[in-house]
1. Kindly count the pairs of lysines across the stretch 87-297 whose alpha carbons are less than 21 Å apart, treating pairs on different chains or eight or more residues apart as eligible.
2. Distance between the C-alpha centers of the stretch 77-154 and the stretch 180-196? Whole Å please.
3. Could you work out how far apart the two model spin labels at Glu52 and Ala401 are, taking each label as a point 7 Å from the Cα in the direction of the beta carbon, and quote it in nm?
4. Assuming R0 = 45 Å, what is the FRET efficiency of Val351 and Thr292, from their Cβ-Cβ distance, to the nearest 0.05?
5. Ranking Val419, Val245, Val225 by Cβ neighbours within 10 Å, fewest first, what do you get?
6. Mind ordering 255-264, 195-204, 408-417 by average Cβ neighbours within 10 Å, highest first?
7. When all alpha-carbon pairs of the stretch 194-256 are counted, what percent fall beyond 13 Å?
8. First obtain the Kirkwood hydrodynamic radius of the chain from its Cα pairs, then insert it into the Stokes-Einstein equation at 10 °C and 1.306 mPa s, and state the resulting D in µm² per second as a whole number.
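Each reported figure results from applying straightforward, stated rules to the coordinates on display, with no laboratory input. Given the structure is predicted, the values throughout are model-derived calculations rather than measurements. Positions of Cβ are generated from backbone atoms using ideal geometry, with glycine treated the same way; all protein chains shown enter the neighbour counts.
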Amino acid sequence: MSLISVCGMERAHINRRTVLGGLAGAVGATALPGGTAYGSSSRYPAAWPELEPYGVADTRLDLWPRDDNSFVLPLELRPRDEELGRVWMRDTYVNCFRVDGRPLYVATGTTRVPGRPGAGPWNDGIFVWTAPALHGPWRLADTRGIRPDAERGKVWSPEFAGENTPGRTVVAPWQEYWYDDQFGKRGNAWAPELHYFRGTWYIVACMGDHSRKVGSFLLISEGGVEGPYRVAQGNLTKPFGDSFVGGPPFIEPGAYHHIDGGLYSEGDDAWLVLHNNLYAKFRDDMEDIVPTTNLSTFQQTAYAPEPYLEGAYVLKHGGKYYLMHAAWDRASTNPDGSARNAYDPPAPGRVQYQYDLVMAVADRFEGPYSKRWTAGVGAGHNNLFTDAAGHLWATFFRNPAFGYWADPARVDDAAVPGVVRMEWTGPETNRLYVQRRRS
């Protein structure tokens with residue numbers, strides 16, 4: 001979750017199979033409510049008025065990734081991907097950095113092992129792809145010089161525990177695979193982010209619900225984007241932050257820490273950002289956060305009541321700070337019988353519909369942040385970045401777990417490495433949206 005400019009140059013800007021085939025046709029044939037997204041007299045697209053009451057979800061098709069504003073990255077396939085014909089990916093992360101004077105695009109995310117329907121109860125670590133341009137060609141990171149006999153592109157995995165040596169830990173004990181009678185093999189890595197900060201490559205990722213300890217950690221490269229990576233000193237015995245009660249009931253007591261960690265940087269400073277409202281500054285040597293306990297809290301304008309949020313991400317654009325979350329839009333019925341779509345907590349009669357990107361803006365990193373708005377329908381748990389030409393993009397993956405993309409008619413098109421163009425409404429209104437349709 002980094003501050004980065006156009007592919008890494010020192011300017012204040014942003015870091016962090018077929019696209020919607022049937023949906024695209026529906027969008028093109030549908031009259032969009034709310035009028036045009038673009039004002040004819042302004043150099044910026046118009047900001048939409050706030051929806052009332054606060055917490056209502058904006059479901060307009062203008063805010064969907066569509067064929068006219070998005071595409072799925074043509075990532076190089078691994079042998080496991082051949083049957084599906086594309087890479088199965090959740091929590092898609094894409095960024096662009098300037099390395100040795102040239103743009104380098106990177107992609108990673110949560111993937112699964114062959115034969116598994118998802119990324120649990122175990123997966124085999126973190127894969128990285130690189131490209132010279134956003135449209136590719138996308139190639140798996142060349143890890144053959146590090147592990148000649150391992151699957152190419154796999155930069156970190158619990159299975160690398162045998163590489164640990166005195167004074168250098170590749171896999172901490174709490175990250176290793178383990179076994180129990182209920183699930184068998186357990187241990188999965190979630191939501192990796194790849195960052196190039198002060199000339200070093202870092203990965204911030206999370207050990208998922210089936211791990212011995214659940215929470216976020218930092219990997220530090222001792223070489224290039226392909227690694228080799230080792231675990232930061234602050235994560236040798238545990239994830240970042242303290243443990244607390246949370247997660248599914250099968251997580252062992254004391255094992256649950258803060259998940260979905262990411263990195264935000266500005267100048268020579270970097271911060272860890274944790275879902276859904278916490279942050280801490282990294283030490284100058286990047287080996288741990290300070291303080292290691294009593295993490296700071298973003299000042300937010302919460303919904304009432306506040307639902308469970310995921311995937312916190314911070315970026316700076318136009319001199320403002322934007323705080324992003326993934327929130328489930330739950331469909332229900334109002335007392336008068338009308339339809340309701342809102343970021344409500346779970347309750348009887350509320351059905352998960354879309355995993356949305358919601359966003360708020362502030363003058364300072366810590367806040368206070370404005371009321372949130374829907375910035376992208378079905379685009380939750382993502383990051384934003386600028387390409388080499390300075391265009392702003394967000395990632396999306398179409399959550400296959402519940403809701404719209406879990407429908408059997410659509411699930412084959414879910415869990416994708418997607419990117420969608422974004423638009424800024426200018427310095428007067430400071431809104432970011434998925435690029436809306438021009439009329």
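1. 5
2. 16
3. Inter-label distance under the simple model: 3.4 nm.
4. So the FRET efficiency works out to roughly 0.65.
5. Val245, Val225, Val419
6. Ranked from most to least packed, the peptides come out as 255-264, 195-204, 408-417.
7. Looking at the stretch 194-256, the distances longer than 13 Å represent 63 percent of pairs.
8. In µm²/s, the coefficient rounds to 72.
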